[in-house]
Every structure is written in structure tokens, then in C-alpha cells.
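First comes the structure, then the notes that go with it.
The values are calculated or read from the model by the stated rules, or taken from the named source; none is laboratory data. Since the structure is predicted, the reported quantities are computational estimates derived from the model, not experimental observations. We place every Cβ from the backbone using ideal geometry, glycine too, and count neighbours over all the protein chains shown. Just the protein is used for accessible areas: all its heavy atoms, side chains included, with ligands, DNA and RNA removed. Shrake-Rupley method; radii C 1.70, N 1.55, O 1.52, S 1.80 Å.
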Amino acid sequence: MVEAAAELIGALPPDEVPVPLRRFARFERRKRAKLAGQHIAAVLEKDPEFRRRVAEPLREAQPDLVEAVEGGDVPPAADPVRVAVLAYLLRPDGWAGLVEAARAELERSATASEEEAAERRVAALKEELAAARAARASEVDKLRAELRDTKAEVAELRRKLHDARTRYRAAQERAETLAADTDRELAAAQEGAAAAEKELRRLRSRAAQAEAAAEAAKRAAREGRNVDDMRLRLLLDALVDAAQGVRRELALPSTIARPADAVGALEPDRLAHRVLPGRALSDSDPQLLDRLLTLPQVHLVVDGYNVTKTGYGELPLSDQRTRLVSGLGGLAAQTRAEVTCVFDGAELDAPVAISAPRGVRVLFSRPGQTADELIGELVRAEPVGRAVVVVSSDREVADSARRANARPCPSTLLLRRLGRS
């Protein structure tokens, strides 16, 4: 009724709208029905003419149902809500009974709907109960299977534990046997060392006696060698004169090549490879890295984790890599040097995506390979004579770089240079 009246208010001229409802006539239809509902219901109750005007559109839309309501013969299939609305608006004889009958019908329909909903809910609960029972049975079967697997695993672990204990006892027995054999061999070695020391003292004594006898023989020989020396000098002069005569006869040059000239070696002004600038500088010299980076086509090989753990080892490994690679990108842009940064692949739990800046090559060692070994391969791959600088504070890496004609540089110098950049 309220919706029909709200529709009518919007269609009537302003002077034909009941006075209490004129302020709602300008509202939108749904807004009128929502905000002016109580006022519309009050006017419908008190104003018969307004009720009649509200009923006219319904009379035109449903003439058969209006005639049935006015005649008191309502079809059983009629909508009880529409019957109640028409009875209230038209108010034929017995209209209150029609409204009460419509209310009772709506209550019966609501009760039936609730019963159907309850039946559907019960059916759904039964289905959920059956599904829960099936899931419980499946879960019980799964748990039993897991229990069997666990028992089998426990049995296997017990067998392995027994085997490990057996091997441990056997190893312990072998160790005790080896310890006993070692003790016996040590005692025998000590006895042999004592015997050798005794024999060494005896031999030293005999050697001293022999040296004294030899010195005495030399003195005696020198005293009786004067005549023999004179005869030997005459023979030597004859040989020298004969050799000079042969040289004159063969016209041999006065100077000839020496045997030492045939031995291959590097002359001071002809080095086999270019000496890197800074070779004479110490590793701690602050100017070392700056001078090395001025070399043409220099290759800078960086031991990544050695540098990061020296400068900022408190950061996570991913942050260490990102910070170092970013700094090397700026260094490569400034110096135009070839830069390769090597990280140990054993530190990784999974593949890592690193966006290397231009001019920086980032490498990880392969499984079973250390970063030190990969650095050695990079250095050996370079041609002889190219300037290669290895940045690492690891003594083994530095020694290996020197053996491969590369120049090592401490990590602290690179960190200082990156800090200036």
C-alpha cells in the first residue's frame, strides 16, 4: 500500500496531494516509500478519498481480482498480500476478515517454509555427518598406514644403529691394535735412533782422525814437491807456446763466445712479459690499487665474500652481494676496467638472481669447486702479458696469483676505494 501510495503522490498535481504528504512529493519514489511510510499509512487510514485514488491504479491493473474482493468471493490461488491490500483500500463488507485470512495464510506459508528449510538443514547435516564419518575413516586408514610406515622406519633405524655399533666396536678394536703397534714401532725407532747416534759419534771420531792424517800427508807432500813443481811449470810453458803457435797458424780471433752465452735467460732490457706498475709497492700502500687500475685493459678479479666479510660481514649474504656488486658497477664505469666478482657457490641454498651492473661479471663456483679454484682458473685463462689484479686478503689466493704472474691486492684497499666513490 505504501509503495502504491508513494507512486501516486509523485504523479498527482501538488494541490491534489494531501497536505501532510506534500513535502514528500518531491522525493524519489523509493525514497518517498522509505521516509514517508508512516505518514502515508496514517493518511490512508484517515482519508477515504485518498484510499480510493490509491486503489484506482490497482483496479485498472487487476479488475478481476478487484471484482472478486468486492464480491467477497476471493479465488484460493490469489496472492494473499494483494487481496489484503485491495480489501484495506476498497473496504467492502467483511474486508477485515479478508485481511485476517491473508495474514493467516502468510503465517501458514511462513511456517511451511520454515519446516521445509528445517528439513533441508537436517538433510544437509546428515550429509555433512556422513562426509565427516567417511573423512574420519579415511584419516584413520591414513594414520594406520603412517603408523605402519613409522614402525618400519623405526625397525630400519634400529638395524642401522646395530650395524653402526658393530662397526664402532670393530673400529675401536682396530684403533687399539694400531696404537699398540705404534707404541712398539716407536720403542723400536727410539732404540734404533740411540744406536744410530752412538754410531754417528764413532764415525765423527774416525773422521777427525782421518782429517788429521790427511793434513799431515799434505804437509809432507808440499815439502817434497818443489822439484816436481819446476818440471810441471816447464811442461806447462811448452804447452802454452805450442797453443799460441797453433792460434797464429789457424788465424783464430783473439776473443770467442763464452759457454755462458748459450744459456737461455732474460736480459735486463728484454723482459718476457710486462712488469705491472706497482710491483715494487707494498700490499698495504694506499696508492697500489689506484695505480693498478690505470693499466690499459686491466682485468680486476674480486674474491667476493672475502671483501664483504672484511668490510660488512654483519649483513645477510644477499645484502653483502648486492652492496659489493653495486659498488663494483660504479668502479667499472669510472675506470673502464674489466671486473669479475667471484662468490662461493657453497654458500647458496637455491639459485640466486643477481642484476649485475654494466661492466661487472658475477660468477659462482660450481658444486665441488671453491671460489679460490675458480679465481685461479680465471687468472690462468688470461694471455701472458695482460695485467690481471686479484683482490683478496686470503694468503693462499695472493700466493697463487703471484705464481700466475697476476698482482694481488688486499681487500681493504678495494673497500677504501669504493668508500671514496
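Below are the figures for this structure:
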{"quantity": "Rounded tilt (10° steps) of 2-11 against the dominant C-alpha axis of the chain", "calculated": "80 degrees"}
{"quantity": "Cα gyration tensor shape for the stretch 117-237, rounded if a/c is under 1.5, else prolate or oblate", "calculated": "prolate"}
{"quantity": "Compactness relative to 2.2 N^0.38 Å, alpha carbon Rg of the stretch 40-175", "calculated": "2.75"}
{"quantity": "Value at 222 nm in deg cm²/dmol, rounded to 500, when DSSP H runs of n ≥ 4 in the chain each add -39,500 (n - 2.57)", "calculated": "-22500 deg cm²/dmol"}
{"quantity": "Where Ser113, Ser284, Ser392 fall by accessible area, highest first, once all protein chains stay in place (1.4 Å)", "calculated": "Ser284, Ser113, Ser392"}
{"quantity": "Listed candidates (i) 5, 25, 34, 24, 10, 2, 0; (ii) 3, 10, 9, 5, 7, 9, 9, 8, 9, 8, 6, 4, 2, 2, 2, 3, 2, 1, 0; (iii) 4, 18, 23, 20, 16, 11, 6, 1, 0 - label of the one calculated as P(r) over Cα pairs in 10 Å bins from 0, in percent", "calculated": "(ii)"}
{"quantity": "Nearest-ten-degree value, helix 317-335 long axis tilted from longest Cα axis of the chain", "calculated": "70 degrees"}
{"quantity": "Angle in degrees between helix 226-250 and the longest Cα principal axis of the chain, rounded to the nearest 10", "calculated": "70 degrees"}
{"quantity": "Förster radius 56 Å - calculated FRET efficiency between Arg103 and Ala137 (Cβ-Cβ, nearest 0.05)", "calculated": "0.65"}
{"quantity": "Those lysines that a straight Cα-Cα span of less than 30 Å connects to Lys31, excepting residues fewer than 8 apart in one chain", "calculated": "Lys46"}
{"quantity": "The chain: relative contact order as a whole-number percent, Cα under 8 Å and 6+ apart", "calculated": "9 percent"}
{"quantity": "The stretch 350-403: mean projected area of Cα convex hull, nm²", "calculated": "5.1 nm²"}
{"quantity": "Beta bridge orientation in the chain: antiparallel %, DSSP, nearest 5", "calculated": "5 percent"}
